[in-house]
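Right, one structure below, let's go through it.
The values are calculated or read from the model by the stated rules, or taken from the named source; none is laboratory data. Fair warning: this is a prediction, and the values are worked out from it, not measured in the lab. So basically every Cβ, Gly included, is an ideal-geometry build from the backbone, and we count neighbours across all protein chains shown. What goes into the accessible areas is simple: the full protein's heavy atoms, side chains included, and nothing from ligands, DNA or RNA. Shrake-Rupley method; radii C 1.70, N 1.55, O 1.52, S 1.80 Å.
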Amino acid sequence: ALAAARQSSGWFARRRAEQARRWFEEEVRAGLLARLTGDPANRARMEALGVEVAEGRKASAEAAAEMLAALRSG
């Protein structure tokens, strides 16, 4: 009865759509991480920015924006 109620109310369809969206977002994140770690230049830039953030020379948001801009342009 519960399954039938959920089916008729669209609950299953909504859950499946939410799940598909999460899978999509996870794939995008995985792809971005692969670009960050797979390319030596990107990996070096991430390391350098991480050092600047850790040493307080750059705000984390600023470093992240810089890294994302580099990914967009390259």
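Between 0 and 90 degrees, the angle of helix 11-38 with respect to the longest Cα principal axis of the chain falls at about 20 degrees.
Shown here for the stretch 1-68: trypsin sites (Lys or Arg not before Pro) in loop regions (DSSP other than H, G, I, E, B) with at most 15 other Cβ atoms within 10 Å, namely 57. Expressed as a fraction of 2.2 N^0.38 Å, the value expected for a compact globular protein of N residues, the C-alpha radius of gyration of the chain is 1.76.
Within the accessible surface of the chain, defined with a 1.4 Å probe on protein heavy atoms only, the carbon and sulfur portion equals 58 percent. The Cβ shell under 14 Å around residue 50 holds other residues with a net charge of -1, Lys and Arg each +1, Asp and Glu each -1. The H on the amide N of residue 58, modeled in the peptide plane, is under 5 Å from the matching H of 53, each at least 5 residues off or on a different chain. Among the GluC sites (Glu not before Pro) found in the stretch 16-74, those both in a DSSP coil and sparsely packed, with 16 or fewer other Cβ atoms within 10 Å of their Cβ, are 55. Estimated from helices alone, the mean residue ellipticity of the chain at 222 nm is -29000 deg cm²/dmol (sum of -39500 (n - 2.57) over DSSP H runs with n ≥ 4, per residue).
Would you mind working out the accessible area per residue for the chain, using a 1.4 Å probe, and quoting it in Å²?
Result: 78 Å² per residue.
Of 8, 40, 50, which is farthest towards the positive pole of the chain's charge dipole, taken about the Cα centre with +1 and -1 on the beta-carbons of Lys, Arg and Asp, Glu respectively? The listed residue farthest towards the positive side: 8.
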